[in-house]
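What follows is a single structure, written as structure tokens, with notes after it.
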């Protein structure tokens, strides 16, 4: 039977084919419905991130916690520790207890009202990365009335709130009755919180679907449905954004970020994270080492063309810094802007006896950031400091760094949450996990601030400490890394950069699509 | 025959034991997973706490004993990253991998076998050269590159196919082709060489002398025998496609076992890596065992020789 004999013509076949292809293309386009926002995540979402009790020491789970849960206090636009489920938090004059007055009428997604029992339960249940540090210092929790409780400490601990309401998930509240009813595994499978979005479904490795919780205390979210799709490959994430399959794509870097900027309708949204990068000189305490001379360390810092590195790698969006302490941290002291002056660097090297430069050995870095190292190497070579790049796989690098096995120059970074005191504890003070040595004056200041409960005095001490770190050129800081993400044409308020130091989009209830309020 | 099977099963169990020891030790020399689960700067107590939670503070032989005894009872442990039983994760991803592997295998056979036959029949001619070029490209072009080019062309420029993810037949086309092409090349080469060998055999010459049509000689007499090694290879390849399509599944965000393995390696998630490798290895061992038994059943010389 021919086409003609069946009543169909070649033209009708072509028309039908075209219609079918259009249908396929339309289906393939898979554009999101009007009230739905799709986010392409660069990492696989883990069910453990649905539970504040299990937050590891990394920032990524907070990407989901901000949607599904709420905290007594948390970082919000314009306030790094904004009262949320607690209306107020008062420290006792002796620094031994904190009293929380909870917001009334706050409901979990299952309709239960949040009370002090839930707050106590959430703190006691917390078993995340910093649980030991926190629980060793908390003596007990007393509930006075349904919306008021006091957390007692064994000893005054000025950083209590930094840990409780910032660096851990202990201050993020889960419903006690529900957790006890469904059990730990049940909670991860169907989490319930007090956040702006409630859990709908999760397909491991594929997507997480959330729906707006209309009873959220702060405001009703503008977008009805949020979908997090896992797309691990960066180029594929960009393709999905270009095709409008997703509205937001996390982590688009380097040349791909340039391609994104060239695509009409898309925009690049940088969010400067709390992750400074630096060069560290582990041998500065060895009198035989060239790094022992402060002038050599200062010369290294002067040799860094930070502006060019920034333009080349993060399109100029990272924040250049002269400090290893993040700008958004409590007690931060703003150092002078780091200068790029190769002539001054050469002069300092000559004064230190290295007129012809010197062979500085290996330059160690985490392999995922070897691109920074490649540029730095050229900068150093220009002033006569000859180093060889030695990228190590991430886990191996941090293991060797922490075990104090690295030499010459180490390119380090940290996105750990906390404040300037916690950062100094790990990277500057005697015995710090990543401190290869220390200076007595800095150690004395560190010890002094640890027991100082007067905030103004403590601030002054920590400022002095940071000043000394800068003067001694213990580090040559580079930048606070900008986390670059792509935003599609449908998005009104993307939420990037609203919360200082937070790399992801938040607060979710503030997000809008174009045409919404 | 019974003795042969018992011996083969013994070898298989020994292989499985060696595989489990190798992968158990291998993942542990790659580094400490806790360093990837906390930001640099976390306190040593908290890192130690995490190591205790994962049982990494125990001596390595104790860890292996716990792993082996749990494995026998069907428990492969809990993922460090997902905090979920790894078997649950594996079986969640398995249907996606089976789907992708099945389509990729069909594509690879549909492309590989006919082009292999054509290359053997027209040896030295245009089709032979074309087949060789095709197979060379399939084997040598990196899968991530092929995948990205397909995404750029069919998703970004033409807008015909979704760029990534799973959900329907349209989502399957690009990853299945990318995966299938590589294996099509292997199938094509084996079909060609096997066909050349068979076409040169006495019984094929006899069939031709008897005046049978060429299509019948090739299709019925030669192909049947030439396909035996190809089918054997395809069986092994299918297991490989199911378990280690790491690059394709990552580029296309396909939620299969290959990507689970990639995530396991990235996060030093020892239980996940162990589970995927041991189960994947078990599949290969079982397939080989069945093939050995089948061969021995068909050809008594094999069991007598061994």
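When the residues of segment A:290-301 are filtered to those that are closer than 22 Å to residue A:480 by Cα and buried (at least 22 other Cβ atoms within 10 Å of the Cβ), which remaining residue is nearest to the chain's Cα centre (by Cα)? Restricting to residues being closer than 22 Å to residue A:480 by Cα and buried (at least 22 other Cβ atoms within 10 Å of the Cβ), the top hit is A:301. Regarding segment A:198-208, can at least one residue be identified that is touching a residue at least 40 places away in the same chain (Cβ under 8 Å), over 20 Å from residue A:39 (Cα atoms) and touching a helix residue (DSSP H, G or I) at 6+ places or on another chain (Cβ under 9 Å)? No: zero hits.
Listed here are the residues, each with its yes/no results for (1) modelled with pLDDT under 90; (2) closer than 19 Å to residue A:160 by Cα; (3) touching a strand residue (DSSP E or B) at 6+ places or on another chain (Cβ under 9 Å).
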site: A:4; (1), (2), (3): yes, no, no
site: A:23; (1), (2), (3): yes, no, no
site: A:26; (1), (2), (3): yes, no, no
site: A:41; (1), (2), (3): no, no, yes
site: A:52; (1), (2), (3): no, yes, yes
site: A:57; (1), (2), (3): yes, yes, yes
site: A:69; (1), (2), (3): no, no, yes
site: A:112; (1), (2), (3): no, no, no
site: A:116; (1), (2), (3): no, yes, yes
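Considering (1) within 14 Å of chain A (Cβ to nearest Cβ); (2) buried (at least 21 other Cβ atoms within 10 Å of the Cβ); (3) closer than 24 Å to residue B:112 by Cα, say which one residue B:162 fails and leave the rest. In the conditions (1) within 14 Å of chain A (Cβ to nearest Cβ); (2) buried (at least 21 other Cβ atoms within 10 Å of the Cβ); (3) closer than 24 Å to residue B:112 by Cα, residue B:162 misses (3) alone. Candidates in segment A:302-321 are the residues that are part of a loop (DSSP other than H, G, I, E, B) and surrounded by fewer than 22 Cβ atoms within 10 Å (Cβ to Cβ); of these, the one that is nearest to the chain's Cα centre (by Cα) is A:317.
Within segment A:42-74, the set of residues being assigned to a strand (DSSP E or B) and more than 10 Å from chain B (Cβ to nearest Cβ) comprises A:71, A:73, A:74. Among the residues in segment A:122-138, are any over 26 Å from the mean Cα position of the chain (by Cα) and more than 13 Å from chain B (Cβ to nearest Cβ)? Within segment A:122-138 (the criterion being over 26 Å from the mean Cα position of the chain (by Cα) and more than 13 Å from chain B (Cβ to nearest Cβ)), the answer is yes, since at least one residue qualifies.
Whether a residue is under 30 Å from residue B:80 (Cα atoms) and modelled with pLDDT under 85 was assessed, and residue B:232 does not pass this test.
Screening residue B:183 on (1) in contact with a strand residue (DSSP E or B) (Cβ under 8 Å, 6 or more places away or on another chain); (2) in a helix (DSSP H, G or I) shows it passes everything except condition (1).
With the requirement that a residue be more than 9 Å from chain B (Cβ to nearest Cβ) and either under 17 Å from residue B:260 (Cα atoms) or touching a helix residue (DSSP H, G or I) at 6+ places or on another chain (Cβ under 8 Å) (or both), what does segment A:225-237 give you?
Our first condition is that a residue be more than 9 Å from chain B (Cβ to nearest Cβ); within segment A:225-237, this holds for A:225-228, A:234.
Hits for segment A:225-237 are A:226, A:228, A:234.
Looking only at segment B:217-225, decide whether some residue is in contact (Cβ under 8 Å) with a residue 60 or more places away in the chain and either within 25 Å of residue B:133 (Cα to Cα) or outside any helix (DSSP H, G or I) (or both). Yes: one or more hits. For residue B:144, the stated conditions hold: it is touching a helix residue (DSSP H, G or I) at 6+ places or on another chain (Cβ under 8 Å), part of a helix (DSSP H, G or I), under 16 Å from residue B:180 (Cβ atoms) and within 13 Å of another protein chain (Cβ to nearest Cβ). Exactly one residue among B:130, B:120 is more than 11 Å from chain A (Cβ to nearest Cβ), modelled with pLDDT under 90 and surrounded by fewer than 22 Cβ atoms within 10 Å (Cβ to Cβ), and that residue is B:130.
Of all the numbered requirements in (1) surrounded by fewer than 20 Cβ atoms within 10 Å (Cβ to Cβ); (2) out of contact with any helix residue (DSSP H, G or I) (no Cβ under 8 Å at 6 or more places or on another chain), residue A:146 misses one, and that requirement is (2). Looking across A:264, A:287, one residue alone is under 23 Å from residue A:472 (Cα atoms), more than 19 Å from the chain's Cα centre (by Cα) and in a loop (DSSP other than H, G, I, E, B). It is A:287. Of the helices (runs of 4 or more DSSP H) that lie entirely inside segment A:363-434, those containing 3 or more residues that are free of Cβ contacts under 8 Å to residues at least 24 places away in the same chain and either crowded, with 22+ Cβ neighbours inside 10 Å or within 13 Å of chain B (Cβ to nearest Cβ) (or both) span A:394-402. Being within 14 Å of chain A (Cβ to nearest Cβ) and either under 16 Å from residue B:101 (Cα atoms) or crowded, with 24+ Cβ neighbours inside 10 Å (or both) narrows it down to one residue among B:248, B:239, B:244; which is it? The match here is B:248. Could we say that residue B:84 is within 14 Å of another protein chain (Cβ to nearest Cβ), over 26 Å from residue A:412 (Cβ atoms) and at pLDDT 80 or above here? Criteria met by residue B:84. Only a single item in (1) more than 9 Å from every other protein chain (Cβ to nearest Cβ); (2) touching a helix residue (DSSP H, G or I) at 6+ places or on another chain (Cβ under 8 Å); (3) surrounded by fewer than 24 Cβ atoms within 10 Å (Cβ to Cβ) is not met by residue A:252, and it is number (3).
Scoring residue B:59 on the criteria (1) more than 7 Å from every other protein chain (Cβ to nearest Cβ); (2) exposed (fewer than 15 other Cβ atoms within 10 Å of the Cβ); (3) at pLDDT below 85 leaves a single failure, condition (3).
Identify all residues within segment B:98-109 that are within 14 Å of chain A (Cβ to nearest Cβ) and either crowded, with 24+ Cβ neighbours inside 10 Å or on the phi > 0 side of the Ramachandran plot (or both); write none if there are none. I'd like the intermediate steps shown before the answer.
Taking segment B:98-109 and keeping what is within 14 Å of chain A (Cβ to nearest Cβ), we get B:99-100.
Passing the criteria: only B:100.
Residues that are away from chain A (no Cβ under 14 Å) and more than 14 Å from residue B:23 (Cβ to Cβ) within segment B:251-289 comprise B:283, B:286, B:287, B:288, B:289, listed in sequence order. The residue that is surrounded by the most Cβ atoms within 10 Å (Cβ to Cβ), counting only those in segment A:442-487 that are modelled with pLDDT under 95 and assigned to a loop (DSSP other than H, G, I, E, B), is A:452.
Tell me the residue from A:77, A:83, A:93 that is within 25 Å of residue A:484 (Cα to Cα), away from every other protein chain (no Cβ under 14 Å) and surrounded by fewer than 24 Cβ atoms within 10 Å (Cβ to Cβ), please. Full working, then the answer.
Numbers: A:83 fails: within 25 Å of residue A:484 (Cα to Cα); A:93 fails: within 25 Å of residue A:484 (Cα to Cα).
Being within 25 Å of residue A:484 (Cα to Cα), away from every other protein chain (no Cβ under 14 Å) and surrounded by fewer than 24 Cβ atoms within 10 Å (Cβ to Cβ) holds for just one of A:77, A:83, A:93, which is A:77.
The values are calculated or read from the model by the stated rules, or taken from the named source; none is laboratory data. Owing to the predicted nature of the structure, the values given are computational and were not obtained by experimental measurement. FYI the Cβ positions are ideal-geometry reconstructions off the backbone, even for glycines, and counts take in every protein chain you see.
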